[in-house]
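Have a look at the structure below before the remarks.
The values are calculated or read from the model by the stated rules, or taken from the named source; none is laboratory data. All of these numbers come straight from a predicted model, not from anything done at the bench. Cβ placement follows ideal geometry from the backbone for every residue including glycine, while neighbour counts extend to all protein chains displayed.
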Ligand code: PEP
Ligand code: MG
C-alpha cells in the first residue's frame, strides 16, 4: 500500500530506489540461556540460517554475473568468510557448551574475531573486519526471520535508498563507493555534517523522519524528494511515472546551468565575485574543476581521519594535500586544520563529554594534542610548496588559540627546516568565525590572521543555542535570525575596513536565496558544495551590487521576522 511521509529536505533532487534498512543488528539481539533439551534444535536453527545466507550469496553471485568485478570479488569474499569454521562452526560449539541462544553465540564469536582483526598489522586484513561483521549481520537477519537484503536485478534498475535511524558523516562519506541513490534517517538536522556530505555527493536525502525505519521494509520501493522533503513508499505507477519525468527535468535543468561554467563570475555592475568549492576528500576536486571553481574555499581535512583505526601520518597527509593543490593548478586551496570532535569523532575516541558540540572540538582538540596537530601542520607546510595551500583554523573563540596555533606552526617550520625538507614558510593562515564571541570581537582575529572565513553552520548553531544535529530543534535553525545576520554583516564590514579578506564557507554561501543578501553585505568570496556553484553563479550574474547595498542596509535595520522575509523577497525579485 502506498503512503507518504514528510521529513526535512537536506539534499535536493529525486532518488528512486529500493529500501535498504541499515540496522545495528548486533545491538538488537537478545541474550538468553536455552534449556538443555533445546540445544540440538538451536544448533539446527543456526545451521539453517547459515545455509540461507549461503544460498543468498550464491543467488547474488549469479544475478550479478554482469556486474563489475569488485562486486563479484566482494560476494566471493563474503562466501568465503561464511564458509570458514570460525564463523559457521564455533558458534555451534558455544550453543552446546554455554547453552546460549544462536544469535548470542554468533555475536560473541563475531566480537572475538573482530578483536583478533584489530590486532593485525596489515591494513588490508584489518579492514576485512567490516566484512566479518556484515556476514555475521546477514546470518543474524536470517536467524531473526528476516532474509538479508538482496540487491537483485530490479534494484539495479532503480538503485538503493538507505533507511537508517541515524548516520554519521563517516557512514555517509562511504556512500561514494557504494552507489547509494538516496538516504533517509530518523534523526538529524539540515546542517549536520551528514547532510553536508549528502549534498556534496549529490545524493538526495531526508532527515528527521522520526519512525520511518520502523514502518519501511527492506526492498520497499521508495521515492525520495530531497527538494520538497517528501518520501513516497510503494508508489503507484502514475506517481512513479510523474517522478521519473520530474527527475529527468531536473537533470535537464542541471545540464542547462553548465552553460555558465565559462562565464566570468561578476555582477551586472562589474563586481568580481570569487566562487569557490567546499570539498571533503581529494577525490572531490574533480567536481570543483568541473564547475571551474576559483579555488577550494574549504577543504575539510578531517575526513581523511575518519573510518579508520590508525591516524594518517605526515607522508599520507602531505600526499593528499599536495594532490589537491596540484589538481587545482595554482588556485587557492584553503585547508582547514582538523575539525575533529562532536559529530566527527575519531574511531575509538569515545566522546563522553556531556555536550560534545561545546566540548573539545576543532582547534581545542588540536591544541590538546600538539603532536597530532604538528604532524598536520608539517604536511600542510610541505604541500604549500606545490601550490597555493592556505591553512584555516576552525572554531576560534580566543586570541590565545591563534597565538598558540601560530607558535606550533613556527615549531613545525623549524622541524622541517632541520630535516631540510622543502616547504612554504609564507603559507597564509586564516581563521574561521563560527562562534558569536569571535564575530563580536573580530578585531582580535583580523590583527593576527591573513584572512577569515565565516562558518555559518556553526555560527547559527552557537548563536541560537541549537544543536545542528538534533532534529528536535531543527525548526529553530534560522539563517535569517536578526542576531545571526548582524554577526555576519559585522564580520564582513570589519574585514573590509581592515583590508583583510573575509569569505563565507558555511551552507548559506551555497543557498541561492541568500546570494543577493550576502552580496549586499559586501561579501565577495563564497565557498560552497560544487553542486551549488553554478546556481549561485547564475544569481551573481543577475545581481547589481550598487542596488543591493542600500537595500541590505535597510533590511538589517529590521528585526521582525516577517519584515526580514519581505525584504529578502524584494531583494530576490
Ligand atoms: C561551518 O560551520 O559553517 C563550516 C563551514 O564548517 P563545518 O560545517 O564543517 O562545521
Ligand atoms: Mg564549522
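Of the helices (runs of 4 or more DSSP H) entirely within the stretch 1-97, those holding at least 3 residues that are at pLDDT 90 or above occupy 39-63, 69-83, 85-88.
Looking only at the stretch 317-335, which residues are part of a helix (DSSP H, G or I) and either crowded, with 16+ Cβ neighbours inside 10 Å or without any contact (Cβ under 8 Å) to a residue 12 or more places away in the chain (or both)? Before you say what the answer is, go through the steps one by one.
So in the stretch 317-335, the residues part of a helix (DSSP H, G or I) come out as 317-327.
Selection gives 317, 318, 319, 320, 321, 322, 323, 324, 325, 327.
Checked against the criterion of being surrounded by fewer than 20 Cβ atoms within 10 Å (Cβ to Cβ), touching a residue at least 40 places away in the same chain (Cβ under 8 Å) and assigned by TED's automatic domain parsing to the domain that holds residue 53, the candidates 108, 112, 116, 134 yield just one match: 134.
In this structure, is residue 266 more than 16 Å from ligand 1 (Cβ to nearest atom), under 27 Å from residue 456 (Cα atoms), more than 20 Å from the chain's Cα centre (by Cα) and crowded, with 20+ Cβ neighbours inside 10 Å? Spell out how you get there, then give the answer.
Numbers: more than 16 Å from ligand 1 (Cβ to nearest atom): yes; under 27 Å from residue 456 (Cα atoms): yes; more than 20 Å from the chain's Cα centre (by Cα): yes; crowded, with 20+ Cβ neighbours inside 10 Å: no.
It is false that residue 266 is more than 16 Å from ligand 1 (Cβ to nearest atom), under 27 Å from residue 456 (Cα atoms), more than 20 Å from the chain's Cα centre (by Cα) and crowded, with 20+ Cβ neighbours inside 10 Å.
For the stretch 336-358, a residue qualifies if it is in a strand (DSSP E or B) and on the phi < 0 side of the Ramachandran plot, and the qualifying residues are 336, 344. Every residue in the stretch 368-398 that is buried (at least 21 other Cβ atoms within 10 Å of the Cβ), part of a loop (DSSP other than H, G, I, E, B) and within 16 Å of ligand 2 (Cβ to nearest atom), please. Correct list: 394, 395, 396.
Which residues, counting only those in the stretch 466-482, are crowded, with 19+ Cβ neighbours inside 10 Å and more than 16 Å from ligand 2 (Cβ to nearest atom)? Spell out how you get there, then give the answer.
Step one: filter the stretch 466-482 for residues crowded, with 19+ Cβ neighbours inside 10 Å, giving 466-469, 471, 474, 477, 479.
Correct list: 471, 474.
Only residues that are without any contact (Cβ under 8 Å) to a residue 12 or more places away in the chain and in a helix (DSSP H, G or I): list them for the stretch 255-285, please. Passing the criteria: 255, 256, 259.
Determine whether residue 512 is within 30 Å of residue 165 (Cβ to Cβ), within 21 Å of the chain's Cα centre (by Cα) and outside the structural domain of residue 194 (by TED's automatic domain parsing).
Considered against the rule, which asks whether it is within 30 Å of residue 165 (Cβ to Cβ), within 21 Å of the chain's Cα centre (by Cα) and outside the structural domain of residue 194 (by TED's automatic domain parsing), residue 512 comes out as no.
Looking at the stretch 442-461, is at least one residue on the phi < 0 side of the Ramachandran plot, within 16 Å of ligand 1 (Cβ to nearest atom), surrounded by fewer than 23 Cβ atoms within 10 Å (Cβ to Cβ) and not in a helix (DSSP H, G or I)? Looking for residues that are on the phi < 0 side of the Ramachandran plot, within 16 Å of ligand 1 (Cβ to nearest atom), surrounded by fewer than 23 Cβ atoms within 10 Å (Cβ to Cβ) and not in a helix (DSSP H, G or I), one finds at least one in the stretch 442-461, hence yes.
Listed here are the residues, each with its yes/no results for (1) touching a residue at least 40 places away in the same chain (Cβ under 8 Å); (2) touching a helix residue (DSSP H, G or I) at 6+ places or on another chain (Cβ under 7 Å).
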| residue | (1), (2) |
| --- | --- |
| 377 | yes, yes |
| 394 | yes, yes |
| 397 | yes, yes |
| 409 | no, yes |
| 432 | yes, no |
| 453 | yes, no |
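For the stretch 415-435, name all the residues that are in a loop (DSSP other than H, G, I, E, B) and away from ligand 1 (no atom under 16 Å from the Cβ). I'd like the intermediate steps shown before the answer.
Pass one, the stretch 415-435, residues in a loop (DSSP other than H, G, I, E, B): 420-428, 434-435.
Within the stretch 415-435, 420, 421, 422, 423, 424, 425, 426, 427, 428 qualify.
Does residue 361 count as within 16 Å of ligand 2 (Cβ to nearest atom), in the same structural domain as residue 464 (by TED's automatic domain parsing) and not in a helix (DSSP H, G or I)? In short, yes. Only one entry in 550, 501, 529 is more than 30 Å from residue 211 (Cβ to Cβ) and touching a residue at least 12 places away in the same chain (Cβ under 8 Å), namely 501.
Within the stretch 145-165, the residues that satisfy the criterion of being out of contact with any helix residue (DSSP H, G or I) (no Cβ under 7 Å at 6 or more places or on another chain) and at pLDDT below 80 are 145, 146, 149, 151, 154, 155, 156, 157. For the residues 199, 244, the requirement of being closer than 13 Å to residue 14 by Cα, within 16 Å of ligand 1 (Cβ to nearest atom) and in a helix (DSSP H, G or I) singles out 199.
Being at pLDDT 95 or above, on the phi < 0 side of the Ramachandran plot and within 16 Å of ligand 1 (Cβ to nearest atom) narrows it down to one residue among 233, 291, 333, 285; which is it?
Values: 233 fails: within 16 Å of ligand 1 (Cβ to nearest atom); 291 fails: within 16 Å of ligand 1 (Cβ to nearest atom); 285 fails: within 16 Å of ligand 1 (Cβ to nearest atom).
Result of the check over 233, 291, 333, 285: 333.
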